[in-house]
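K.L.:
Please see the structure below; I have some questions.
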Amino acid sequence: MTSAVTDLRVPPKARRRRSSLPGLEPWLYLSPALVLLVTVLLVPLIVGISYSFRKFSAFKSEYVGLGQYQAMLSDPLLGQALFNTLWWTVGSLFFQFFLGLGLALLLDRPFVGRKLVQAVVFLPWAVPSFLSGLTWAWLFNPIVGPLPHWLYALGLKAEPTNILSDPAIAMWGPIIANVWFGVPFFAITLLAALKSIPSELHEAAAIDGASPWQRFSKVTLPFLAPTIAITVMLRTIWIATFADLIFVMTSGGPAGSTNTLATYIYVSAFKSLDKGYASAVAVLLLVLLILYAIVLIGIRRSLARYS
């Protein structure tokens with residue numbers, strides 16, 4: 001009775017203002033993060049897209065509409081960069097995922113020295129990418145590095161030469177370096193997902209007579225599927241936009257054989273000083289990665305629906 005009388009005494013405008021505050025309160029708490037996201041992500045994105053419609057020279061810029069995108073259609077270097085990006089991304093992702101999955105399965109089992117092995121496995125992820133590139137470029141150098149001589153001793157090469165100077169196989173140098181650098185990411189995330197699987201499920205499957213492969217395919221893999229989908233999507237995006245290793249090791253050469261879209265964007269923007277064309281290529285890469293993410297998320301949802 002008292003609360004009802006109190007509510008009657010509150011003016012209608014005050015009641016409406018008070019009732020609307022609970023809806024605004026969460027947004028007030030989120031406002032600093034939203035302002036930061038808009039400033040750091042959205043504003044540069046809009047500026048970058050707007051640059052793709054302009055032609056930049058040393059002292060001025062002019063609006064050219066879709067001119068930069070039309071120039072992309074007749075650019076042979078862009079076609080080669082697209083192919084190299086696909087090769088670089090798929091090759092790196094394939095070996096990173098399966099080696100990371102194998103290491104995660106190994107580290108999920110108790111054995112002597114597991115903590116030491118775990119620390120060594122995770123170490124490459126802590127090394128700066130440019131330092132990794134310099135190290136692997138040194139390893140592939142036939143004068144000071146051991147790898148060409150090992151390949152020659154194994155009969156894999158006719159002579160100890162630098163694979164980074166051979167256009168036919170130069171891309172394998174950055175791919176090997178990237179695999180070494182990126183395996184810990186899959187090992188860490190998949191090991192964490194393995195730890196979340198109840199041990200009772202494996203014990204029940206073993207009691208029912210399931211083989212190790214059946215336990216992996218019927219118990220482990222379904223639990224890992226959501227983590228695999230997210231990690232593969234994130235790592236694909238990171239690899240496709242990753243220019244550090246390639247630029248440090250080969251600078252896109254020889255003869256453009258290791259030039260990807262990421263390195264092509266860097267060279268166009270900071271060496272050719274054509275920020276407009278570099279922005280147009282960056283927009284192309286952004287659209288391709290968005291389409292890839294949409295397809296992968298759709299596949300993940302369909303698998304979850306029918307599993």
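The values are calculated or read from the model by the stated rules, or taken from the named source; none is laboratory data. Computed from a predicted structure; not experimentally measured. Because the Cβ atoms are built from the backbone with ideal geometry, glycine has one as well, and the counts that use them run over all protein chains shown. These area figures cover heavy atoms from the full protein model, side chains too; ligands, DNA and RNA do not enter into them. Shrake-Rupley method; radii C 1.70, N 1.55, O 1.52, S 1.80 Å.
K.L.:
Please give the number of the condition LEU273 fails out of (1) assigned to a helix (DSSP H, G or I); (2) open to solvent by 70 Å² or more (accessible area, probe 1.4 Å).
P.N.:
In the conditions (1) assigned to a helix (DSSP H, G or I); (2) open to solvent by 70 Å² or more (accessible area, probe 1.4 Å), LEU273 misses (1) alone.
K.L.:
Looking at the range 190-253, what helices (runs of 4 or more DSSP H) fall wholly within it and have at least 2 residues that are under 19 Å from TYR292 (Cα atoms)?
P.N.:
Ranges flagged: 221-240.
K.L.:
So, one more: Which residue out of LEU303, LEU234, LEU291, LEU221 is exposed (fewer than 15 other Cβ atoms within 10 Å of the Cβ), closer than 27 Å to HIS202 by Cβ and either in contact with a helix residue (DSSP H, G or I) (Cβ under 8 Å, 6 or more places away or on another chain) or at pLDDT 90 or above (or both)? Full working, then the answer.
P.N.:
Numbers: LEU234 fails: closer than 27 Å to HIS202 by Cβ; LEU291 fails: closer than 27 Å to HIS202 by Cβ; LEU221 fails: either in contact with a helix residue (DSSP H, G or I) (Cβ under 8 Å, 6 or more places away or on another chain) or at pLDDT 90 or above (or both).
Checking each option against the conditions leaves just LEU303.
K.L.:
Within the range 113-123, does at least one residue satisfy the condition of being surrounded by 17 or more Cβ atoms within 10 Å (Cβ to Cβ), touching a Phe, Trp or Tyr at 6+ places or on another chain (Cβ under 6 Å) and assigned to a helix (DSSP H, G or I)?
P.N.:
Scanning the range 113-123 turns up no residue that is surrounded by 17 or more Cβ atoms within 10 Å (Cβ to Cβ), touching a Phe, Trp or Tyr at 6+ places or on another chain (Cβ under 6 Å) and assigned to a helix (DSSP H, G or I).
K.L.:
Hey, among SER257, SER279, which residue is assigned to a loop (DSSP other than H, G, I, E, B), touching a helix residue (DSSP H, G or I) at 6+ places or on another chain (Cβ under 8 Å) and of a type in the set (Ser, Thr, Tyr)?
P.N.:
Testing whether each residue is assigned to a loop (DSSP other than H, G, I, E, B), touching a helix residue (DSSP H, G or I) at 6+ places or on another chain (Cβ under 8 Å) and of a type in the set (Ser, Thr, Tyr) leaves just SER257.
K.L.:
In the range 143-166, what residues are of a type in the set (A, V, I, L, M) and either in a helix (DSSP H, G or I) or touching a residue at least 60 places away in the same chain (Cβ under 8 Å) (or both)?
P.N.:
If the condition is that a residue be of a type in the set (A, V, I, L, M) and either in a helix (DSSP H, G or I) or touching a residue at least 60 places away in the same chain (Cβ under 8 Å) (or both), then LEU147, LEU151, ALA153, ILE163, LEU164 are the ones that fit.
K.L.:
Here's another thing I want to ask about it. Check whether at least one residue in the range 168-183 is farther than 18 Å from GLY133 by Cα and of a type in the set (Phe, Trp, Tyr), and report yes or no.
P.N.:
Keep residues of the range 168-183 that are farther than 18 Å from GLY133 by Cα, which gives 168.
Now drop any that are not of a type in the set (Phe, Trp, Tyr), which leaves none.
No, there is no match, as no residue in the range 168-183 is farther than 18 Å from GLY133 by Cα and of a type in the set (Phe, Trp, Tyr).
K.L.:
On to the next question. For residues that are open to solvent by less than 90 Å² (accessible area, probe 1.4 Å) and in a loop (DSSP other than H, G, I, E, B), scanning just the range 75-112, find the one that is nearest to VAL283 (Cα to Cα).
P.N.:
Among them, the one singled out is ASP75.
K.L.:
Sticking with this structure for a sec: Can you name every residue in the range 52-74 that is surrounded by fewer than 12 Cβ atoms within 10 Å (Cβ to Cβ) and of a type in the set (A, V, I, L, M)?
P.N.:
Answer for the range 52-74, where residues must be surrounded by fewer than 12 Cβ atoms within 10 Å (Cβ to Cβ) and of a type in the set (A, V, I, L, M): ALA58, LEU66, LEU73.
K.L.:
Given the conditions (1) within 28 Å of PHE185 (Cβ to Cβ); (2) surrounded by 13 or more Cβ atoms within 10 Å (Cβ to Cβ), which single one is not true for GLY256?
P.N.:
(1)
K.L.:
While we're here: Conditions: (1) under 26 Å from LEU99 (Cα atoms); (2) free of Cβ contacts under 8 Å to residues at least 24 places away in the same chain; (3) among the aliphatic types (A, V, I, L, M); (4) in contact with a Leu (Cβ under 9 Å, 6 or more places away or on another chain). ALA225 meets all but one. Number of the miss?
P.N.:
The failed condition is (2).
K.L.:
May I pose another question? Among (1) under 23 Å from PHE95 (Cα atoms); (2) assigned to a helix (DSSP H, G or I); (3) free of Cβ contacts under 8 Å to residues at least 12 places away in the same chain, where does ILE169 come up short?
P.N.:
In the conditions (1) under 23 Å from PHE95 (Cα atoms); (2) assigned to a helix (DSSP H, G or I); (3) free of Cβ contacts under 8 Å to residues at least 12 places away in the same chain, ILE169 misses (2) alone.
K.L.:
Go over the candidates VAL267, VAL295 one by one and state the one that is in a helix (DSSP H, G or I), more than 17 Å from the chain's Cα centre (by Cα) and within 22 Å of PHE83 (Cβ to Cβ).
P.N.:
Checking each option against the conditions leaves just VAL267.
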